[in-house]
Amino acid sequence: MRGTKALWVGMLAAALAVTGGCRSKPKTGGTDSSLNPLGVAPTGVGVGELGMAGAEPFAGTELRGRFQPVYFAYDSAAIADAERSKIEAVADSMRANPARRLVIEGHCDERGSNEYNLALGERRALAIRAYLVGLGVPADRIQTKSFGEEQPAAMGHNEEAWRLNRRGEFVIVE
């Protein structure tokens, strides 16, 4: 009897291990979070990858495409020197408009699992957020959201499309 119970427990553990990494892609959105790696207070849009509950999404009129996207290297959340001026322009605008709020969206190319890309998109958005906070933008005016690979900027299965999809985008809320 004891051997049978151990067999069932082993089979259950194996089944969980096999299915644990399998997940269908969400129909909409991605994960939301804004836990800052520099210790800034969280102001997320929902429950993020780290299981942290955040504030309600900002309400107001959304303005997209006002700022240039920040592009990232493959499998990286590090902000390249050439991309910093884009974030500095956003910081200037945010400091000049104290009522404005910002949502930073993290995106990835199609390579990698859905879970991995959601986490990487979140790290990219958080890296941009940390840079903005370091430039003097109040943390409570910034939220982050990861879409992983779910909202590509460019269709295709080549380096040019992948390069354009590895990005952080800014959504102004007024």
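Filtered by the rule that a residue be in contact (Cβ under 8 Å) with a residue 40 or more places away in the chain, closer than 21 Å to R163 by Cα and outside any helix (DSSP H, G or I), the stretch 77-107 gives A77, A78, I79, I104, E105, G106, H107. All of (1) outside any helix (DSSP H, G or I); (2) over 23 Å from V173 (Cα atoms); (3) touching a residue at least 12 places away in the same chain (Cβ under 8 Å); (4) not small (G, A, S) hold for Q143 with one exception: (2). Take the conditions (1) at pLDDT 95 or above; (2) surrounded by fewer than 17 Cβ atoms within 10 Å (Cβ to Cβ); (3) not basic (K, R); W162 misses just one of them, which is (2).
The values are calculated or read from the model by the stated rules, or taken from the named source; none is laboratory data. Bear in mind the structure is a predicted one, so any value in this text is a computation, not a measurement. Because the Cβ atoms are built from the backbone with ideal geometry, glycine has one as well, and the counts that use them run over all protein chains shown.
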